[in-house]
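The values are calculated or read from the model by the stated rules, or taken from the named source; none is laboratory data. Since this is a predicted model, take the numbers as computed values, not measurements. With ideal geometry, Cβ positions are generated from the backbone for all residues, glycine too; neighbour counts draw on all protein chains shown.
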Amino acid sequence: MTDQTSAVLSAADALVAAFGRHDANAYFDAFAPAATFIFYNLDHTLMDRAAYQAEWALWESRDGFHINACRSTNRNLQVVGKVAIFMHTVETDLTISGEDLTNHERETIVFAQQPDGRWLAVHEHLSQLPR
């Protein structure tokens with residue numbers, strides 16, 4: 001495993017762990033401010049991190065949204081220079097409107113190496129896992 005691969009996987013692990021413990025601050029810190037987001041349950045693209053943070057806050061206040069746990073499997077990583085594409089299957093235990101649910105999804109997260117060497121997510125695309 002190269003140093004780059006190890007660094008990207010570490011960044012991905014930190015992002016998934018923060019999401020899984022509903023640590024919004026650490027989770028959003030894993031994304032660049034200009035990151036974009038495509039979610040199958042929204043009818044529009046979130047064009048930056050601030051837009052996603054606003055949507056997250058709305059889900060929390062309106063829907064009682066809370067992440068209880070998250071598991072990442074079937075992981076695949078492709079590093080191309082200072083860009084990395086991380087794909088995985090994600091199983092998320094969450095609460096919405098007082099109901100406990102488990103989502104089965106697949107996700108692509110694109111990371112870019114920053115001038116300071118850190119790897120930040122610059123794009124996330126989430127889709128339902130076909131059954």
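Observations on the model:
- Qualifying position, being over 19 Å from Gln128 (Cα atoms), under 11 Å from the mean Cα position of the chain (by Cα) and aliphatic (A, V, I, L, M), among Ala51, Ala57, Ala14, Ala32: Ala14
- Looking across region 46-87, just one residue is assigned to a loop (DSSP other than H, G, I, E, B) and exposed (fewer than 12 other Cβ atoms within 10 Å of the Cβ), and that is Gly81.
Every residue, every condition in (1) of a type in the set (Val, Ile, Thr); (2) more than 26 Å from Asp3 (Cβ to Cβ), yes or no:
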{"residue": "Asn25", "(1), (2)": "no, yes"}
{"residue": "Ala50", "(1), (2)": "no, yes"}
{"residue": "Gln53", "(1), (2)": "no, yes"}
{"residue": "Glu60", "(1), (2)": "no, yes"}
{"residue": "Val79", "(1), (2)": "yes, no"}
{"residue": "Ile85", "(1), (2)": "yes, no"}
{"residue": "Asn103", "(1), (2)": "no, yes"}
{"residue": "Gln113", "(1), (2)": "no, no"}
{"residue": "Asp116", "(1), (2)": "no, no"}
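- Among residues of region 44-56 that are under 14 Å from Ala30 (Cβ atoms) and at pLDDT 95 or above, those with a Cβ under 9 angstrom from a residue that is among the acidic types (Asp, Glu) and buried (at least 16 other Cβ atoms within 10 Å of the Cβ), sequence gap 6+ or separate chain, pair up as Tyr52/Glu124.
- Of the residues examined, Thr36 is not one that is β-branched (Val, Ile, Thr) and exposed (fewer than 14 other Cβ atoms within 10 Å of the Cβ).
- Across region 103-121, the qualifying residues are those that are hydrophobic (A, V, I, L, M, F, W, C) and in contact with an Asp or Glu (Cβ under 9 Å, 6 or more places away or on another chain), and the one among them that is surrounded by the fewest Cβ atoms within 10 Å (Cβ to Cβ) is Val110.
- Unique residue being under 20 Å from Gln113 (Cβ atoms) and without any contact (Cβ under 8 Å) to a residue 60 or more places away in the chain when the list is Ala12, Ala26: Ala26
- Residue within region 59-74 that is on the phi > 0 side of the Ramachandran plot and touching a His at 6+ places or on another chain (Cβ under 8 Å) present: yes
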